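Presented below is the structure to which this report refers.
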Amino acid sequence: QVQLVESGGGLVQAGDSLRLSCSASGRTLSLYGMGWFRQVPGKEREFVAAISRAARYIIADSVKGRFTISRDNGKNTVDLQMNSLKPEDTAVYYCALDRGGWSATMSLSEYEYWGQGTQVTVSS
């Protein structure tokens, strides 16, 4: 069993930055593909960013140029740096693990493990 824990969420103003981190106990995250998704009430979970084992990444068009995904192998985390935040970025953000991970994927069904989520609220 894999337990993923997200951290770094909070309440910020439009234009601010936040850095989310995803950690896992007992697992080396660099061995897996990892993704970040977000969800608002009443809507489907939405892809944000993903990174493969080889550190290749993809970013959703809606956040491209503002968000980046990276690994900190020393800390065993996968981070989502969010800059120039907008009110429409408000959501619960989830990290997820893909045991395959040879390519970064935006498909929710490819991810076997999910964290509990962290709330990000951007005020206008």
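The values are calculated or read from the model by the stated rules, or taken from the named source; none is laboratory data. The structure displayed is predicted, hence computed values, not measured ones. Neighbour counts run over all protein chains shown; Cβ positions are idealised from the backbone, glycine included. Side chains included, ligands, DNA and RNA excluded: accessible areas come from the protein's heavy atoms. Shrake-Rupley method; radii C 1.70, N 1.55, O 1.52, S 1.80 Å.
The lysines within cross-link reach of residue 64, meaning a Cα-to-Cα straight distance under 17 Å and a gap of 8 or more places when in the same chain, are 86. The heavy atoms of residue 66 offer some 30 square angstrom of accessible surface to a 1.4 angstrom probe.
Give the relative contact order (percent, whole number) for the chain; include only Cα pairs under 8 Å separated by 6+ residues.
With pairs under 8 Å counted, the relative contact order is 37 percent.
Using the Cβ-Cβ distance between residue 25 and residue 124 with R0 = 25 Å, the FRET efficiency computed as 1/(1 + (r/R0)^6) comes to roughly 0.10.
So how strong a dipole does segment 25-106 carry about its Cα centre when Lys and Arg Cβ are +1 and Asp and Glu Cβ are -1, to the nearest 20 debye?
Numbers: 12 positive and 8 negative charges, 43 e Å.
Charge dipole of segment 25-106: 200 debye, to the nearest 20.
Given the options 11, 90, 48, identify the residue whose Cα lies farthest towards the positive end of the charge dipole of the chain (+1 on Cβ of Lys, Arg; -1 on Cβ of Asp, Glu). The residue sitting most towards the positive pole is 48. Can you give the FRET efficiency for residue 64 and residue 99, using 1/(1 + (r/R0)^6), R0 = 35 Å, r = Cβ-Cβ distance, to the nearest 0.05? For R0 = 35 Å, the calculated efficiency reads 0.85.
Take the chain with all the other protein chains still there, run a 1.4 Å probe, and you get 52 Å² of accessible area per residue. The distance between label points at residue 3 and residue 45 comes to 1.9 nm (points 7 Å beyond Cα on the Cα→Cβ vector). The residues packed around residue 123, meaning those with a beta-carbon under 13 Å from its beta-carbon, carry a net charge of -2 if Lys and Arg are +1 and Asp and Glu are -1.
Tell me, what is the percent relative contact order of segment 1-72, built from C-alpha pairs under 8 Å that lie six or more residues apart? Don't skip to the end; give the middle numbers.
Values: 84 pairs, mean separation 14.5, N = 72.
The normalised contact order for segment 1-72 reaches 20 percent.
May I ask what percent, to the nearest 5, of DSSP beta bridges between residues of the chain are antiparallel? Around 90 percent antiparallel, to the nearest 5.
Please give me the summed charge of the neighbours of residue 109: other residues whose Cβ is under 13 Å from its Cβ, Lys and Arg +1, Asp and Glu -1. Please list the in-between numbers first.
Numbers: positive: 45, 99; negative: 44, 98, 110, 112.
That sum, taken over residues with Cβ under 13 Å, equals -2.
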